[in-house]
Amino acid sequence: MTKMSRLFSLKEKEHNAVQSHTLATKQMSYSDNPLRHIAIIMDGNGRWATTRHLPRAAGHTAGVGALRRVVQCASDEHIVDMLSVYAFSTENWRRPRAEVEGLMRLFWETIRADLQRLHRDNVRLCHLGRVYDLPPDVQKAIQESIELTKNNTGMTINMCFNYGGRAELVDAVRQMIADGCNPEAIDEELISSYLYTRDMPDPDLVIRTAGEMRISNFLLWQSAYSEYYVTPKLWPDFGRDDLLASVDSYSQRQRRFGRVKVPTA
Ligand code: FPP
(Lines give C-alpha, C1' and ligand atoms only; values in the text may rest on other atoms or scores of the structure.)
Protein backbone atom coordinates (compact mmCIF):
# COMPACT_ATOMS: atom_id res chain seq x y z
CA MET A 1 0.00 0.00 0.00
CA THR A 2 1.41 3.42 -0.92
CA LYS A 3 1.78 6.16 1.67
CA MET A 4 -0.89 8.28 0.11
CA SER A 5 -3.35 5.44 -0.26
CA ARG A 6 -2.75 4.50 3.42
CA LEU A 7 -3.51 8.05 4.38
CA PHE A 8 -6.55 7.97 2.18
CA SER A 9 -7.80 4.79 3.78
CA LEU A 10 -7.35 6.32 7.23
CA LYS A 11 -9.32 9.36 6.23
CA GLU A 12 -11.87 7.12 4.59
CA LYS A 13 -12.87 5.74 7.99
CA GLU A 14 -13.91 9.24 9.00
CA HIS A 15 -16.42 9.50 6.19
CA ASN A 16 -19.60 7.62 5.48
CA ALA A 17 -20.35 5.59 2.40
CA VAL A 18 -22.45 8.34 0.84
CA GLN A 19 -19.26 10.32 0.30
CA SER A 20 -17.43 7.55 -1.49
CA HIS A 21 -17.49 9.32 -4.84
CA THR A 22 -15.88 12.46 -3.35
CA LEU A 23 -13.26 10.33 -1.64
CA ALA A 24 -12.40 8.46 -4.81
CA THR A 25 -11.75 11.82 -6.43
CA LYS A 26 -9.64 12.82 -3.42
CA GLN A 27 -7.52 9.69 -3.64
CA MET A 28 -6.66 10.66 -7.19
CA SER A 29 -5.56 14.11 -6.12
CA TYR A 30 -3.33 12.65 -3.37
CA SER A 31 -1.55 10.45 -5.85
CA ASP A 32 -1.24 13.42 -8.24
CA ASN A 33 0.72 15.33 -5.59
CA PRO A 34 3.47 13.13 -4.23
CA LEU A 35 4.41 14.17 -0.70
CA ARG A 36 7.91 13.20 0.32
CA HIS A 37 9.18 16.04 2.47
CA ILE A 38 7.40 18.32 4.95
CA ALA A 39 9.27 21.22 6.55
CA ILE A 40 7.86 22.96 9.63
CA ILE A 41 8.44 26.44 11.04
CA MET A 42 7.37 25.84 14.64
CA ASP A 43 6.31 29.32 15.72
CA GLY A 44 4.26 30.66 18.61
CA ASN A 45 5.84 29.05 21.67
CA GLY A 46 6.39 32.44 23.32
CA ARG A 47 2.82 33.62 22.70
CA TRP A 48 1.46 30.32 23.97
CA ALA A 49 3.35 30.83 27.24
CA THR A 50 2.58 34.54 27.57
CA THR A 51 -1.18 34.02 27.24
CA ARG A 52 -0.92 31.57 30.13
CA HIS A 53 1.22 33.95 32.24
CA LEU A 54 4.07 31.44 32.03
CA PRO A 55 7.74 32.05 31.23
CA ARG A 56 8.67 31.67 27.55
CA ALA A 57 10.66 28.56 28.43
CA ALA A 58 7.39 26.81 29.29
CA GLY A 59 6.24 27.49 25.72
CA HIS A 60 9.36 25.84 24.32
CA THR A 61 8.88 22.83 26.60
CA ALA A 62 5.28 22.53 25.42
CA GLY A 63 6.65 22.88 21.86
CA VAL A 64 8.65 19.70 22.36
CA GLY A 65 5.38 17.94 23.21
CA ALA A 66 3.88 19.12 19.91
CA LEU A 67 6.99 18.00 18.05
CA ARG A 68 6.70 14.53 19.58
CA ARG A 69 3.02 14.29 18.54
CA VAL A 70 3.81 15.32 14.98
CA VAL A 71 6.79 12.98 14.64
CA GLN A 72 4.74 10.09 16.02
CA CYS A 73 1.85 10.76 13.66
CA ALA A 74 4.06 11.26 10.59
CA SER A 75 6.02 8.09 11.36
CA ASP A 76 3.04 5.90 12.34
CA GLU A 77 0.91 6.92 9.37
CA HIS A 78 3.84 6.91 6.93
CA ILE A 79 2.84 10.37 5.76
CA VAL A 80 6.28 11.43 4.52
CA ASP A 81 9.82 10.17 4.04
CA MET A 82 11.33 13.34 5.48
CA LEU A 83 10.44 15.92 8.11
CA SER A 84 12.54 19.07 8.60
CA VAL A 85 11.90 20.97 11.82
CA TYR A 86 13.18 24.49 12.41
CA ALA A 87 14.13 24.48 16.09
CA PHE A 88 16.78 27.23 16.25
CA SER A 89 17.77 29.73 13.57
CA THR A 90 21.09 31.50 13.07
CA GLU A 91 19.20 34.65 14.10
CA ASN A 92 17.89 33.14 17.36
CA TRP A 93 21.29 33.85 19.00
CA ARG A 94 20.00 37.44 19.29
CA ARG A 95 17.45 36.37 21.93
CA PRO A 96 18.14 36.94 25.63
CA ARG A 97 21.01 34.78 26.81
CA ALA A 98 18.85 32.83 29.27
CA GLU A 99 16.41 31.88 26.50
CA VAL A 100 19.23 30.78 24.17
CA GLU A 101 20.78 28.68 26.94
CA GLY A 102 17.37 27.23 27.73
CA LEU A 103 16.87 26.21 24.09
CA MET A 104 20.33 24.61 23.94
CA ARG A 105 19.57 22.63 27.11
CA LEU A 106 16.10 21.65 25.88
CA PHE A 107 17.48 20.42 22.57
CA TRP A 108 20.16 18.39 24.35
CA GLU A 109 17.63 16.93 26.82
CA THR A 110 15.19 16.08 24.04
CA ILE A 111 17.81 14.17 22.05
CA ARG A 112 18.93 12.34 25.19
CA ALA A 113 15.33 11.45 26.13
CA ASP A 114 14.05 10.45 22.67
CA LEU A 115 17.02 9.00 20.81
CA GLN A 116 16.56 5.32 21.70
CA ARG A 117 12.82 5.39 20.96
CA LEU A 118 13.37 7.09 17.61
CA HIS A 119 16.05 4.52 16.80
CA ARG A 120 13.64 1.68 17.68
CA ASP A 121 11.08 3.32 15.38
CA ASN A 122 13.65 3.13 12.55
CA VAL A 123 13.86 6.94 12.30
CA ARG A 124 17.03 8.43 10.80
CA LEU A 125 18.24 11.70 12.33
CA CYS A 126 20.17 14.32 10.35
CA HIS A 127 21.26 17.83 11.21
CA LEU A 128 20.99 20.91 9.01
CA GLY A 129 22.96 23.95 10.12
CA ARG A 130 26.29 25.11 11.53
CA VAL A 131 27.03 22.46 14.08
CA TYR A 132 30.47 23.89 14.95
CA ASP A 133 28.96 27.04 16.56
CA LEU A 134 26.94 24.99 19.06
CA PRO A 135 28.04 24.12 22.63
CA PRO A 136 30.27 21.00 22.72
CA ASP A 137 27.70 18.81 24.52
CA VAL A 138 25.04 19.70 21.94
CA GLN A 139 27.48 18.94 19.10
CA LYS A 140 28.23 15.59 20.73
CA ALA A 141 24.52 14.74 21.12
CA ILE A 142 23.89 15.62 17.46
CA GLN A 143 26.84 13.54 16.24
CA GLU A 144 25.83 10.54 18.38
CA SER A 145 22.23 10.68 17.17
CA ILE A 146 23.33 10.84 13.52
CA GLU A 147 25.79 7.98 13.98
CA LEU A 148 23.32 5.72 15.84
CA THR A 149 20.51 6.15 13.32
CA LYS A 150 22.45 6.45 10.05
CA ASN A 151 21.40 3.04 8.71
CA ASN A 152 17.72 3.39 9.64
CA THR A 153 15.34 3.16 6.73
CA GLY A 154 12.17 4.79 8.09
CA MET A 155 11.37 8.49 8.18
CA THR A 156 14.26 10.98 8.21
CA ILE A 157 14.08 13.93 10.60
CA ASN A 158 16.25 16.91 9.76
CA MET A 159 16.98 18.76 12.99
CA CYS A 160 17.42 22.35 11.80
CA PHE A 161 19.28 23.68 14.79
CA ASN A 162 21.46 26.74 14.24
CA TYR A 163 20.19 26.72 10.67
CA GLY A 164 19.94 29.75 8.37
CA GLY A 165 19.16 29.70 4.67
CA ARG A 166 21.59 32.54 3.93
CA ALA A 167 24.33 30.97 6.08
CA GLU A 168 23.81 27.75 4.14
CA LEU A 169 24.36 29.59 0.85
CA VAL A 170 27.44 31.35 2.27
CA ASP A 171 28.85 27.97 3.36
CA ALA A 172 28.14 26.50 -0.09
CA VAL A 173 29.85 29.37 -1.94
CA ARG A 174 32.87 29.20 0.36
CA GLN A 175 33.21 25.47 -0.25
CA MET A 176 32.78 25.83 -4.01
CA ILE A 177 35.58 28.38 -4.09
CA ALA A 178 37.76 26.21 -1.81
CA ASP A 179 37.16 23.29 -4.20
CA GLY A 180 38.21 25.46 -7.15
CA CYS A 181 34.91 25.13 -9.01
CA ASN A 182 35.01 26.41 -12.55
CA PRO A 183 32.50 29.32 -12.82
CA GLU A 184 31.32 27.97 -16.19
CA ALA A 185 30.43 24.66 -14.52
CA ILE A 186 28.24 26.24 -11.85
CA ASP A 187 24.58 25.41 -12.36
CA GLU A 188 21.59 24.76 -10.09
CA GLU A 189 22.46 21.11 -9.71
CA LEU A 190 25.99 21.91 -8.58
CA ILE A 191 24.81 24.52 -6.06
CA SER A 192 22.25 22.03 -4.67
CA SER A 193 25.05 19.51 -4.22
CA TYR A 194 26.89 21.97 -1.94
CA LEU A 195 23.92 22.63 0.36
CA TYR A 196 23.35 20.89 3.70
CA THR A 197 20.45 19.12 1.97
CA ARG A 198 22.53 17.49 -0.78
CA ASP A 199 20.83 14.26 -1.92
CA MET A 200 17.60 15.21 -0.16
CA PRO A 201 14.31 16.02 -1.89
CA ASP A 202 13.14 19.64 -1.71
CA PRO A 203 10.26 20.21 0.71
CA ASP A 204 6.91 19.70 -0.98
CA LEU A 205 5.05 21.37 1.86
CA VAL A 206 6.18 24.04 4.34
CA ILE A 207 3.94 24.39 7.40
CA ARG A 208 4.11 27.53 9.52
CA THR A 209 2.22 27.88 12.77
CA ALA A 210 1.18 31.04 14.65
CA GLY A 211 -0.08 32.83 11.56
CA GLU A 212 2.95 34.80 10.36
CA MET A 213 3.27 34.98 6.57
CA ARG A 214 7.03 34.90 6.21
CA ILE A 215 9.81 32.48 5.37
CA SER A 216 12.23 33.49 8.17
CA ASN A 217 15.39 32.33 6.38
CA PHE A 218 14.21 28.71 6.26
CA LEU A 219 15.29 26.48 3.37
CA LEU A 220 15.42 29.48 1.01
CA TRP A 221 16.84 27.64 -1.99
CA GLN A 222 14.99 24.39 -1.40
CA SER A 223 11.52 25.90 -0.93
CA ALA A 224 11.49 27.68 -4.30
CA TYR A 225 8.44 25.64 -5.36
CA SER A 226 7.14 24.39 -2.02
CA GLU A 227 3.49 24.73 -1.14
CA TYR A 228 2.84 26.80 1.99
CA TYR A 229 0.35 26.04 4.73
CA VAL A 230 -0.04 28.69 7.42
CA THR A 231 -2.25 28.09 10.42
CA PRO A 232 -3.06 30.56 13.22
CA LYS A 233 -2.65 27.72 15.72
CA LEU A 234 0.32 28.22 18.05
CA TRP A 235 2.94 25.47 17.79
CA PRO A 236 2.38 23.93 21.27
CA ASP A 237 -1.28 23.40 20.32
CA PHE A 238 -0.46 21.78 16.97
CA GLY A 239 -1.19 18.07 16.76
CA ARG A 240 -2.12 15.10 14.67
CA ASP A 241 -5.37 16.57 13.28
CA ASP A 242 -3.56 19.75 12.24
CA LEU A 243 -0.89 17.75 10.45
CA LEU A 244 -3.55 15.75 8.61
CA ALA A 245 -5.40 18.98 7.74
CA SER A 246 -2.21 20.43 6.23
CA VAL A 247 -1.68 17.27 4.16
CA ASP A 248 -5.29 17.42 3.03
CA SER A 249 -4.86 21.05 1.96
CA TYR A 250 -1.66 20.16 0.12
CA SER A 251 -3.37 17.33 -1.72
CA GLN A 252 -5.77 19.82 -3.24
CA ARG A 253 -3.11 22.21 -4.56
CA GLN A 254 -2.27 22.36 -8.22
CA ARG A 255 1.53 22.30 -8.47
CA ARG A 256 2.72 23.72 -11.75
CA PHE A 257 6.42 24.43 -11.16
CA GLY A 258 6.24 27.41 -13.51
CA ARG A 259 4.40 25.48 -16.21
CA VAL A 260 0.84 26.06 -17.32
CA LYS A 261 -0.31 22.60 -16.31
CA VAL A 262 1.55 19.60 -14.92
CA PRO A 263 1.32 16.82 -17.50
CA THR A 264 -0.50 13.75 -16.21
CA ALA A 265 1.48 10.51 -16.18
C1 FPP B 1 9.52 29.95 17.83
O2 FPP B 1 8.57 30.39 18.76
C3 FPP B 1 10.15 28.75 18.32
C4 FPP B 1 11.48 28.61 18.56
C5 FPP B 1 12.49 29.64 18.32
C6 FPP B 1 11.99 27.37 19.09
C7 FPP B 1 11.35 26.18 18.50
C8 FPP B 1 11.53 25.08 19.42
C9 FPP B 1 10.63 24.13 19.69
C10 FPP B 1 9.35 23.98 19.04
C11 FPP B 1 10.88 23.14 20.69
C12 FPP B 1 11.66 22.06 20.12
C13 FPP B 1 13.00 22.52 20.16
C14 FPP B 1 13.95 21.94 20.73
C15 FPP B 1 15.00 22.80 21.23
C16 FPP B 1 13.98 20.46 20.90
P17 FPP B 1 8.79 31.82 19.39
O18 FPP B 1 9.56 31.64 20.63
O19 FPP B 1 9.40 32.73 18.37
O20 FPP B 1 7.30 32.21 19.68
P21 FPP B 1 6.69 33.68 19.61
O22 FPP B 1 6.82 34.14 18.18
O23 FPP B 1 5.28 33.48 20.02
O24 FPP B 1 7.47 34.52 20.58
Exercise. What is the residue count in the stretch 194-210 for residues that are part of a loop (DSSP other than H, G, I, E, B) and either closer than 11 Å to residue 84 by Cα or touching a residue at least 60 places away in the same chain (Cβ under 8 Å) (or both)?
Worked result: 9
Seminar exercise, completed: Looking across the stretch 226-245 at residues that are within 16 Å of the ligand (Cβ to nearest atom) and without any contact (Cβ under 8 Å) to a residue 60 or more places away in the chain, the single one that is surrounded by the fewest Cβ atoms within 10 Å (Cβ to Cβ) is 232
Seminar exercise, completed: Residue set 64, 80; condition in a loop (DSSP other than H, G, I, E, B), touching a helix residue (DSSP H, G or I) at 6+ places or on another chain (Cβ under 9 Å), at pLDDT 95 or above and surrounded by 14 or more Cβ atoms within 10 Å (Cβ to Cβ); output residue 80
For this session: Answer with yes or no whether residue 105 is touching a residue at least 40 places away in the same chain (Cβ under 8 Å), surrounded by fewer than 20 Cβ atoms within 10 Å (Cβ to Cβ), outside any loop (DSSP other than H, G, I, E, B) and within 12 Å of the ligand (Cβ to nearest atom).
Result: no
Problem set entry | Residue in the stretch 149-171 that is nearest to the chain's Cα centre (by Cα), counting only those that are part of a helix (DSSP H, G or I) and touching a residue at least 12 places away in the same chain (Cβ under 8 Å) | 165
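When you look at residue 75, is it out of contact with any helix residue (DSSP H, G or I) (no Cβ under 9 Å at 6 or more places or on another chain) and closer than 25 Å to residue 239 by Cβ, yes or no?
Values: out of contact with any helix residue (DSSP H, G or I) (no Cβ under 9 Å at 6 or more places or on another chain): no; closer than 25 Å to residue 239 by Cβ: yes.
Considered against the rule, which asks whether it is out of contact with any helix residue (DSSP H, G or I) (no Cβ under 9 Å at 6 or more places or on another chain) and closer than 25 Å to residue 239 by Cβ, residue 75 comes out as no.
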Problem set entry | Which listed residue is at pLDDT 50 or above, closer than 21 Å to residue 154 by Cβ and either in contact with an Asp or Glu (Cβ under 7 Å, 6 or more places away or on another chain) or within 11 Å of the ligand (Cβ to nearest atom) (or both), from 56, 69, 36, 47 | 36
For this session: Report whether or not residue 123 is within 15 Å of the chain's Cα centre (by Cα), surrounded by 15 or more Cβ atoms within 10 Å (Cβ to Cβ) and within 11 Å of the ligand (Cβ to nearest atom).
Result: no
Problem set entry | From the options 223, 216, residue that is within 14 Å of the ligand (Cβ to nearest atom) and outside any helix (DSSP H, G or I) | 216
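The values are calculated or read from the model by the stated rules, or taken from the named source; none is laboratory data. Quick caveat: nothing in here was measured; it's all calculated off a predicted structure. Ideal geometry is used to build each Cβ from the backbone, glycine not excepted, and the neighbour counts take in all protein chains shown.
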